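Worksheet for the structure shown next.
The values are calculated or read from the model by the stated rules, or taken from the named source; none is laboratory data. In this text the structure is predicted, and so the values were computed from the model without any measurement. So basically every Cβ, Gly included, is an ideal-geometry build from the backbone, and we count neighbours across all protein chains shown. Accessible surface areas use protein heavy atoms only, side chains included; no ligands, DNA or RNA. Shrake-Rupley method; radii C 1.70, N 1.55, O 1.52, S 1.80 Å.
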Amino acid sequence: MGTKNYDVVIVGAGHNGLVCAFYLARKGLKVCMLERSAIVGGAAITEEFYRNDDGGFRNSVASYTVSLLQPKIIEDMELHRHGLTVVLREVNNFLPLEDGYILGGRKGLTLREIKRHSAKDALAYGAYEKTLDGVVKYFKEMLLVVPPNTGGGIADLYALMKTGNRLRNAPLETKRNILDFFTKSAKDILDQYFENDAVKALFGFDGVVGHFASPEEPGSAYVLLHHVFGEACGESGAWGHAMGGMGAITQAMKSACEEKGVDIFTQMSVEKICIEKGRAVGVQTADTLFKAPIISSNVHQKILYENLIEPDVLPTNFRARIKNYKSHSGTFRMNVALDGLPNFLNAPKDEPYLTGGIIIAPSLAYMDEAWMSARTKGWSDKPIIEILIPSLVDDSLAPKGRHVASLFCQQFSYDLPNGMTWDGEREGVADHILDTVEKYAPGFKTLVLGRQILSPLDLERKFGLVRGDIFHGVMSVDQLYSARPVLGHGSYRSPIKGLYMCGSGTHPGGGVTGAPGHNAAHAILQDRKRYI
């Protein structure tokens with residue numbers, strides 16, 4: 001049994017773990033990372049999933065688009081110098097409808113499209129944008145901030161005061177809007193501004209992404225808000241594509257970390273976190289003890305506290321809270337290799353709509369029905385599907401004249417009824433998804449050369465996403481900010497001295513943001529002197 005000594009050991013080399021490692025190594029700490037997979041990146045990786053005589057077809061496997069990654073992190077890690085290139089979508093979204101379509105995008109496209117559907121809604125769009133901008137401005141200020149711990153010490157009291165001052169200084173209308181987004185449904189918010197079903201659907205899709213719930217459920221308004229925090233290439237609210245797929249982001253992060261001296265060990269499964277006298281002292285793998293006074297975990301909270309730590313070292317109430325921590329995003333993910341480009345019914349003739357997110361969810365009622373049927377049957381009769389064809393802007397992903405498409409599908413329960421299993425149903429459900437696309441793009445199925453299928457169970461097995469939750473935990477009000485994952489431990493600090501959390505199960509939550517890793521490193525550096 002060998003032993004290696006470090007200042008910090010990070011468990012899991014997903015994107016947040018890489019960000020955390022970079023900031024710690026930049027301060028001169030000796031850092032290593034332990035990753036069970038053969039490559040780093042967690043759910044932000046690119047893989048070849050199909051090959052024929054023409055060549056290989058590659059795509060982002062799980063996460064699939066760029067917007068929420070924090071500009072500060074891109075700049076600090078110099079990701080562009082390490083090989084990252086991001087290009088903007090020409091169109092943000094295209095929603096095929098029964099009798100037409102609606103688009104969303106940059107340079108006034110959204111407003112023109114709303115006006116085409118409803119003159120009244122076009123007039124209201126400015127007010128909606130103003131509301132979003134006011135609320136998003138407030139929350140953006142909190143993304144790269146360590147939340148205060150309830151019942152903490154002087155530092156937490158100071159952080160709480162700063163948070164309170166931000167809100168206190170906000171205009172009264174902004175405070176009211178913040179309350180709305182925390183307590184209301186996406187439908188409630190959208191009904192305040194718009195009358196047209198297609199317009200509501202254009203914005204309402206963000207309220208169900210990675211959220212196993214109806215857009216009519218209270219709390220879905222915050223999920224909508226979470227998805228408009230981002231920017232790409234300096235444009236607020238824009239969506240982009242990482243050339244080479246999402247793995248290009250994490251490979252650039254890996255390069256930045258290694259340049260700072262981080263040791264990264266792949267195919268290295270962690271067996272347990274070693275605790276002595278209430279303090280983390282190392283990480284045990286099959287044949288090596290990695291000793292360090294600081295351990296930072298990038299894995300899901302339930303894996304960390306229920307699989308890697310002896311239960312008797314955790315407070316009883318904390319264990320109970322982790323046991324009841326909610327994880328379930330209702331996501332089914334597919335990649336398909338295409339022989340050519342699809343043609344959608346009622347598509348625009350003069351807009352590059354295939355470069356955007358093609359969203360099959362023509363109304364809030366459709367989204368609600370998708371969730372209702374999934375609750376009883378396990379998956380939706382009419383699922384919510386977002387299709388991206390990144391090979392239109394990135395020819396490195398498919399052979400010449402061929403394409404790849406990602407299908408990001410919502411409202412698929414992790415728990416199936418009547419004794420069914422995802423191992424038994426995944427192929428049939430994948431067929432059902434393609435049948436749904438076929439109704440909007442006749443001939444789509446004949447273009448499919450091969451496919452990669454990731455059911456909720458597959459997402460759990462491949463990426464450690466407990467119950468298939470792409471966010472490492474439901475983004476509900478009781479699991480946000482200082483209460484993510486548990487009130488009293490929302491500042492990235494666990495109940496065990498020297499053990500930290502840096503994954504998406506901490507503030508500000510899911511998506512490829514890098515913010516949890518950034519903030520956890522900040523908390524570690526604040527505390528380091530007291531543990532060494």
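If E369, E231 are ordered by their accessible area, calculated over protein heavy atoms with a 1.4 Å probe, which sequence runs from highest to lowest?
Per-residue accessible area, sorted high to low, gives E369, E231.
For helix 119-143, report the angle its Cα long axis makes with the longest principal axis of the Cα atoms of the chain; keep it between 0 and 90° and round to the nearest 10°.
10
What distance in nm separates the two pseudo spin-label positions at M1 and A365, each 7 Å out from Cα along the beta-carbon direction?
Spacing of the two 7 Å Cα→Cβ label points: 6.5 nm.
Using Cβ-Cβ distances only, list the Cys residues of the chain with no partner cysteine under 4.7 Å, sorted by number.
C32, C233, C257, C274, C409
Rolling a 1.4 Å sphere over the protein heavy atoms, what is the accessible area per residue of region 287-353, to the nearest Å²?
Per residue, region 287-353 has 43 Å² of solvent-accessible surface.
For a paramagnetic label modelled at 7 Å from the Cα of A320 toward its Cβ, which residues of region 475-489 fall within the zone defined by backbone nitrogen distances under 19 Å?
Residues 478-479, 483-489 fall inside that zone.
Please work out the average accessible area per residue across region 380-484, using the 1.4 Å probe convention, and give it in Å².
Spelled out: the 1.4 Å probe surface of region 380-484, per residue, equals 36 Å².
Post the alpha-carbon centroid distance, region 289-305 to region 24-44, in whole angstrom.
When both Cα centres are located, 12 Å separates them.
How far, in degrees from 0 to 90, does helix 15-26 lean away from the longest principal axis of the Cα atoms of the chain, to the nearest 10?
40
In region 191-230, whose amide N lies under 17 Å from the spot 7 Å out along Cα-to-Cβ of E98? List them in ranges.
Backbone N within reach: 196-202.
Distance in nm between label sites at A124 and D381, each 7 Å beyond Cα in the beta-carbon direction?
Rounded to a tenth, the inter-label distance reads 2.8 nm.
Quick check: with the 1.4 Å probe, what order do T174, T506 take by accessible area, largest first?
Greatest to least solvent exposure: T174, T506.
Take the Cα of E78, step 7 Å along the line toward its Cβ, and report every residue of region 218-249 whose backbone nitrogen sits under 18 Å from that point.
Residues 249 fall inside that zone.
If packing is taken as the mean number of other Cβ atoms within 10 Å per residue, what is the order of 378-390, 439-451, highest first?
Top of the packing list down: 378-390, 439-451.
Just want to confirm a number: the relative contact order over the chain, from Cα pairs under 8 angstrom separated by 6+ residues, in percent.
Reported relative contact order: 24 percent.
Accessible area per residue for region 192-255 in Å², computed with a 1.4 Å probe and the full protein assembly in place, what is it? Before the final figure, lay out each step's value.
Working: 1710 Å² over 64 residues.
Normalised by residue count, the accessible surface of region 192-255 is 27 Å².
Per-residue counts of other Cβ atoms within 10 Å, averaged by peptide: what ranking do you get for 515-527, 275-287, highest first?
515-527, 275-287
Considering the values (1) 24.2; (2) 32.2; (3) 29.3, which represents mean projected area of the Cα convex hull in nm² as calculated for the structure under consideration?
Correct label, based on the coordinates given: (1).
Which whole-number percent gives the relative contact order of region 351-419, counting Cα pairs below 8 Å spaced six or more residues apart?
34
As a test of the formula, what do you get for the chain when each DSSP H run with n ≥ 4 contributes -39,500 (n - 2.57) and the sum is divided by the residue count, at 222 nm and rounded to the nearest 500 deg cm²/dmol?
Rounded to the nearest 500, it is -11000 deg cm²/dmol.
Rounded to the nearest 5, what % of the DSSP beta bridges within the chain are antiparallel ones?
If I count the DSSP bridges inside the chain, around 70 percent turn out antiparallel.
Compute the relative contact order of region 214-304 as a whole-number percentage, counting only Cα pairs closer than 8 Å that sit 6 or more residues apart in sequence. Kindly include the intermediate steps, with their values, before the conclusion.
Values: 66 pairs, mean separation 9.9, N = 91.
Computed value for region 214-304: 11 percent relative contact order.
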